[in-house]
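See structure below.
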Amino acid sequence: MQGVPEQFEHPLDVAQFRRPAHRTGVELYRAHIVRHTFEPHTHEAFGLGAIEKGVERFRYRGSDHLAPADSRVMMNPDVLHTGRAETVGGWRYRMAYIDADVVEAVTGRRGLWFRDAVDHDATLARRITTLLDALWQADEPLAFDGLLLALLDGFGDQARSARPAEEHGTPRFSRVVDYLRDNLSQRLTLDGLAAVAELSPFHFLRAFRDQYDVTPQQMLMALRLFEAKRRLADGQGPAQVAAEVGLSDQAHLTRTFARRYGVTPARYQRQLRG
């Protein structure tokens, strides 16, 4: 793994992204993180991967989770999460971020959901690591798609056929999240968001935090940075992206993007082009 983002504090902290040119909705990621702490962020896709070495601690759906070496990690779409090393030497891992419609198309199963964030079957975890490494190196579209099916089959024992009702969130808060997505570049207020939720401001603030384990501002920033990531992947310049997603300038984008995804915007774009 080559290249260290400027914001990383430790020379061993590295992260790389790759997207296959022929298959939209799939992004591969591999990293070795020692000191960096990932702020709450979202990929708005299934995050499926394995820990190769060390232990990760992450916040997900209101709880802290530990993912040691030879464990599988499973994250559902739209769920904010964090990440940091639990061991002195950090943790090394691989992930695939796969849009829900791609998962459905590949598996033939609709509405899949993962109840557990971490699974400790070492044999399966090592198999997932091998598959993710093969996907990263695959240079033929046909080979890549066959490996993608094998990867998703490798999580079949953990996949549920339907999302539990209690994880859907309340409809009014779903409206708030949609409102945030539609107004990323605007200066939003607590009173305005509370009006969307039809609650008093601080009642809304408490209830929103209890529902999503983040404040509305943290949710807004996660959505801004995910949209920035999407626009950067489409080739837009960082300065334009910063303005369109509501960040103060390109430097603000660089700092906040690296905190959530582990690379600077410019390095992310170079990795995808490479």
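Bear in mind these aren't lab numbers, they're just calculated from the coordinates by the rules spelled out. From a predicted model like this one, the values you see are computed outputs, not experimental measurements. Every residue, glycine among them, receives a Cβ derived from its backbone with ideal geometry; neighbour counts consider all protein chains shown.
Annotation for Arg84 and Asp210: the two label points, set 7 Å from Cα along the Cα-Cβ direction, are 2.7 nm apart.
When each of the peptides 181-189, 238-246 is scored by how many other beta carbons lie within 10 Å of its residues on average, the order from highest to lowest is 238-246, 181-189.
In segment 47-136, inverting the average of 1/r over every pair of distinct C-alpha atoms gives 13.6 Å as the Kirkwood radius. Here the peptides 152-158, 58-64 are ranked by packing, the mean other Cβ count within 10 Å, and the order with the highest first is 152-158, 58-64. Helix 216-233 and the long axis of the chain differ in direction by around 50°, with both axes built from C-alpha atoms. Helix 201-212 and the long axis of the chain differ in direction by around 10°, with both axes built from C-alpha atoms. Using the rule -39500 (n - 2.57) for each DSSP H run of four or more residues, divided by the residues of the chain, the 222 nm mean residue ellipticity is -13000 deg cm²/dmol.
Rg and Dmax over the alpha-carbon atoms of the chain stand at 18.4, 55 Å. Estimated from the Cβ-Cβ distance and a Förster radius of 51 angstrom, the FRET efficiency linking Arg109 and Ala251 is about 0.70.
Work out the P(r) tail for segment 14-165: percent of alpha carbon pairs separated by more than 27 Å, whole number. Roughly 15 percent, rounded to a whole number. Consider all pairwise Cα distances in segment 207-256 and report the whole-number % of them above 17 Å. Value for segment 207-256 (Cα pairs over 17 Å): 35 percent.
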